[in-house]
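Reading through the structure tokens given below for one structure.
Just so you know, all these numbers are worked out from the coordinates, no wet-lab data involved. Bear in mind that the values here come from a model prediction, so they are computed numbers and not experimental data. In this analysis, Cβ positions are derived from the backbone assuming ideal geometry, glycine residues included, and neighbour counts consider all displayed protein chains.
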Amino acid sequence: MNVMTQTPSAVTLGAKGLTLSLAGGDAYFNYYWLRDNDPTSFNSKTRERTFDIFHLERPPCAKQAFVEGEALVISWQAEDHVTRMPLSWLMDHATGQRRRDPADLPRRAWFGDHYPKLARFTHAELMSDRAKVKDWLEALIVEGVSIVDNMPETDAALTQLVNVMGQVRPTFFGDYFDVRTHINPTNTAYTSAALELHTDTPAEEHAPGVQFLHMRRNSVQGGLNLFGDGVAAANDFRSIDPEGFKLLSTVEIPFYCEHDTYDMRSYQRVIELDQHGEVSGLTISQHMLDLIDLPQAVLDDYYPAFCRFGTLLQNDKYIMQFTLKAGECIVFDNHRIVHGRAAYSATSGERYLRGCYADRAEMRSTYRALVSKGRFK
């Protein structure tokens, strides 16, 4: 598309901004925005803005502006400074829309029959192949879950895997957690009892976004793993019960996690929506649900909706059932994927699983770096 123009009337100056004639039509640009985004306002090495618009003594206002070749040229009234901005760049940002995010990929919902189609990668290839890392992160963004095979039976292997996408994200449980039967458990996961479908650490103000569960040893009878896609269930709930969906996606309820040395509390919405109004995931945990302190009249509608959704979520239609084998690490979006476990016999063998978390923001950051040029490349 040709954006080049030499017409003197291509630019019209106003009190707060200018109007520029582009191939797509006239476009208005605010003076503050133009001055703040001058290409010379950024350091090419750090890629950070070095110009501080707060230090201007007067509001920016163009003294003169014209099109020269394929650039808009502006001289400023109160500054000895000239701005040159590419017309193609101005066209890309003329409408004030959000900058395109390559990590804002549409989610693909899945159901209980998804286990054979799970995205799988090996620990070795994710340590050495950037193309495989891109595919792995894309699977996590789109489907919310993957399995990494052939994990070395070491603590370091889990850290290495997390570091492919980001950093280990501590919680009030620590940097890592070891899931095995404890004599004095502080969490239902540390027993051999069944563990209901849930998302982890809902009592944290900002629960960690990505969970890693590395199965180190598993020779017990029982303990079937249960994983479900909260997006698939919530999308169906939206169609089945629109009013209930509205309650669960707009009203916050309390969660807690309490023991001798901690008392963590937060308020969360059970169904989470993204900036497009689409379901992005869930926050749900029956064993960490606090006393719901909504007005009783509100509970007349909220509790039935909450129970209808909880019942729907446990339907076999949505739940993969499988056994995570020693040497496998399941990695999943903790704000989307609900997980649980059937009871097992603690005396029938050994079951040891080591886990930790990372942030979704770091995962998406790494993905963007792999697939896009960003603003400055």
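Observations on the model:
- Applying Stokes-Einstein at 37 °C and 0.692 mPa s to the Kirkwood radius of region 126-284, computed over alpha-carbon pairs, gives a translational diffusion coefficient of 181 µm² s⁻¹.
- The peptide list 347-353, 76-82, put in order of mean Cβ contacts within 10 Å with the highest first, becomes 347-353, 76-82.
- Folded to 0 to 90 degrees: helix 155-165 orientation relative to the chain principal axis, Cα: 30
- About the centre of its Cα atoms, region 286-377 shows a dipole size close to 800 debye [charges on the beta carbon of Lys, Arg (+1) and Asp, Glu (-1) only; nearest 20 debye].
- Degrees separating the helix 296-313 axis from the principal Cα axis of the chain, which is the longest one: 80
- Computed over the chain: relative contact order in percent, which uses C-alpha pairs under 8 Å that are six or more apart: 23
- With Cα atoms as the point set, the radius of gyration and Dmax of region 77-132 evaluate to 22.6, 67 Å.
- Using only side-chain charges placed at the Cβ, +1 for Lys and Arg and -1 for Asp and Glu, the dipole size of the chain relative to its Cα centre rounds to 1080 debye.
- Kirkwood-based shape ratio for the chain, expressed as Rg/Rh from alpha carbons: 1.09
- For region 1-115, the extents of the C-alpha atoms along the principal axes are 66, 33, 26 Å, listed from largest to smallest.
- Counting DSSP beta bridges with both ends in the chain, the antiparallel % (nearest 5): 95
- Both radii are taken from the alpha-carbon atoms of region 26-74; with Rh as the Kirkwood radius, Rg/Rh is 0.99.
- Projecting label points 7 angstrom from Cα along Cα→Cβ for Ile292 and Asp260 puts them 3.4 nm apart.
- Two numbers describe the Cα atoms of region 321-377: Rg and Dmax, which are 17.5, 59 Å.
- Taken along its principal axes, the alpha carbon cloud of region 221-377 reaches lengths of 58, 50, 39 Å, longest axis first.
- Selection from Leu248, Val270, Ala233, by position along the positive dipole direction of region 223-308 (Cβ): Ala233
- When each of the peptides 54-66, 198-210, 29-41 is scored by how many other beta carbons lie within 10 Å of its residues on average, the order from highest to lowest is 198-210, 29-41, 54-66.
- Lys/Arg +1, Asp/Glu -1 at C-beta; the chain dipole; positive extreme among Ile292, Thr159, His198: Thr159
- Structure-based [θ]222 nm, the chain - -39500 (n - 2.57) summed over DSSP H runs of at least 4, per residue, nearest 500: -7000 deg cm²/dmol
- On Cα atoms only, tilt of 230-240 relative to the major axis of the chain in degrees: 80
- Sparse packing (at most 16 other Cβ atoms within 10 Å of the Cβ) combined with a DSSP loop state is found for the following GluC sites (Glu not before Pro) in region 227-288: Glu278.
- Bridge orientation summary for region 43-148: considering DSSP beta bridges with both residues in this region, about 85 percent are antiparallel.
- Selected from Phe376, Gly349, Asn334, residue furthest toward positive end of dipole (region 328-377; charges at beta carbon): Phe376
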